[in-house]
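Take a look at the structure set out below.
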């Protein structure tokens, strides 16, 4: 089954992935707005693809774990290889944007 999913993802054109990513971004922004509604963050303006989790929304590591779970439950409805997104060269990344997460999800759905 995983091979079928990988094969389907690899046959998408860059335009199809970009379209899918744009739709995911909308869902992700809504999820983040709900997720952070009671937080005291200094976000100037509306969330968008450039919004950074740590820098703009003051996410901490536990918040990212909770977001990953929420994404799997609400957006993808299945487990995703988030380690590929969250780690680079054996170290955790410092920050992620909504766009980076959306692009990752679009490429892996």
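Every number here is computed from the coordinates shown, using simple stated rules; none is lab data. As the structure is a prediction and not an experimental result, all values here were calculated from the model. Neighbour counts run over all protein chains shown; Cβ positions are idealised from the backbone, glycine included.
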Quick one: which of 100-109, 59-68, 21-30, 86-95 comes out on top by average Cβ neighbours within 10 Å, and what's the full order, highest first? 100-109, 21-30, 59-68, 86-95
Could you give the angle, 0 to 90 degrees to the nearest 10, between helix 98-108's Cα long axis and the longest principal axis of the Cα atoms of the chain? 20 degrees
Determine the calculated [θ] at 222 nm for the chain from helices alone, applying -39500 (n - 2.57) to every DSSP H run no shorter than 4 residues and normalising by the residue count; nearest 500 deg cm²/dmol. -17000 deg cm²/dmol
On a full-extension model of 0.36 nm per residue, what is the gain between residue 37 and residue 15, subtracting their alpha-carbon distance, rounded to one decimal in nm? 4.6 nm
Crossing angle, helix 61-71 versus the chain [Cα axis fit, 0-90 degrees, rounded to tens]: 50 degrees
Take every Cα-Cα distance within segment 43-92, group them into 10 Å bins from 0 onward, and report for each bin the whole-number percent of pairs it holds. 21, 48, 29, 2
Normalised per residue, the volume inside the convex hull of the alpha-carbon atoms of the chain in Å³ amounts to 106 Å³
Once the Cα atoms of helix 14-36 and of the chain are each reduced to a long axis, what angle between those two axes, in degrees from 0 to 90 to the nearest 10, is obtained? 30 degrees
